[in-house]
Amino acid sequence: MLLGPTGVGKSDISISLAQSLSTEIMSCDSRQIYREMHIGTAVPTAEQLATVPHHFIASHSVHEPYTAGKYEMEALELLSQLFQQKKVVVMTGGSGLYIDALCKGIDDFPEIVPGVRESLMQRIDDEGLETLRHELKLLDPESYRQLDLKNPHRIVRALEVSLSTGKPYSSFKKESQQTRPFCIVKIGLQRPREELYHRINLRTLQMMNDGWEAEARALYPFRHLPALNTVGYKELFDYFDGKTTLNETISLIQQHTRNYAKKQLSYWGRDKEIQWFNADEPEKILPLLFQTKE
């Protein structure tokens, strides 16, 4: 598992590793999976994709509801097929929830009563997020303490489960992680913060030059879809609404992407299984894999 913050350089290193190990790459990115979001999710180039077989890249549509639970099932099924022919598979991505779903197993939540999510989203528009925060605190104090209270989708998810079942969202959490029939080696890539932020700023400009604005305009009519609640697209949608200028939009995308990278690193800081390497020293990674792959 090759993970790291956005912009750190995972694609090139994962391809190099896959070539050295004569294997294939499975993406663990919750947005690169969508075929309509090619530029804005920094999907590997056509040349990169042609070098090594990739999976879970542009394989689904934003119009198809997709969850970390579905990813867990589909990824495990594909791995079982690949392991019949390969001793090692390289997985790479920056989506902490998808990585955890594959490595540890996702919580088994019940079906949601139709209309509950839509009602909660409408309440955010009408009453504001603070009202839902207060309701979550009453219904599920544990989730209130644990969740990112600035993230409306996390709050809505917890409330829709609580309201649909009459039980706290936190009560459905698994107490122990799932065991997997394969060994997992977690490799984290990092760079000095200023260097990482510089790469993010430059990449944002390159993505705009590559046609990101046009890609986002084509998706604008579907901005309500969960897949499009994503850094970059949200800021461009606000630009289309006349809320910001183009220069302001680019600056906001750069800032929010830097913030996202910081959150990614903070999230993984709790995982003691990750062995961290400087992204400029990928040659140090391969010997570790050859030691542990059996």
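No value in this document is a laboratory result; all are computed from the given coordinates. Since the model is a prediction, treat every value here as computed from it, not as a measurement. Here the Cβ positions follow ideal geometry from the backbone for every residue, glycine too, while neighbour counts run over all protein chains shown.
Step through the residues of the stretch 209-222 one at a time and calculate ³J(HN,Hα) from phi using the Karplus curve (6.51 cos²θ - 1.76 cosθ + 1.60, θ = phi - 60°), rounding each to whole Hz and writing x for Gly and Pro.
So the Karplus estimates, Gly and Pro as x, are 5, 7, x, 4, 4, 5, 4, 5, 4, 5, 9, 3, x, 10 Hz.
Once phi is turned into θ = phi - 60°, what whole-Hz ³J(HN,Hα) does the Karplus curve with 6.51, -1.76 and 1.60 give for every residue of the stretch 4-11, x standing for Gly and Pro?
Result, ordered by residue: x, x, 4, x, 6, x, 5, 4 Hz.
Using θ = phi - 60° and the Karplus curve 6.51 cos²θ - 1.76 cosθ + 1.60, what whole-Hz ³J(HN,Hα) does each residue of the stretch 144-161 get, with Gly and Pro shown as x?
4, 6, 9, 7, 6, 6, 8, 9, x, 6, 5, 5, 4, 4, 5, 6, 5, 5
First select every other residue whose beta carbon is under 9 angstrom from the beta carbon of Phe56; then total the charges, Lys and Arg +1, Asp and Glu -1.
-2
Please work out the FRET efficiency for the pair Gln85 and Leu286, using the Cβ-Cβ distance as r and a Förster radius of 25 Å; give the result to the nearest 0.05.
0.75
What net charge do the residues around Ile112 carry, taking every other residue with its C-beta under 11 Å from that of Ile112, with Lys and Arg at +1 and Asp and Glu at -1?
-1
Non-local amide H neighbours of Val90 (under 5 Å, H modeled in plane, Pro and chain starts lacking H): which ones?
Glu24, Met26
I'd like to compare 110-119, 10-19: which one has the highest average count of other Cβ atoms within 10 Å, and what's the full order after that?
10-19, 110-119
For Asn151, what is the net charge nearby, where nearby means another residue's Cβ is under 12 Å from its Cβ and Lys, Arg count +1, Asp, Glu -1?
Local net charge: +4.
Shape of the chain from its Cα gyration tensor (a ≥ b ≥ c, root eigenvalues): rounded if a/c is under 1.5, otherwise prolate when a/b > b/c, or oblate?
Taking the square roots of the gyration eigenvalues as a ≥ b ≥ c, the chain is oblate.
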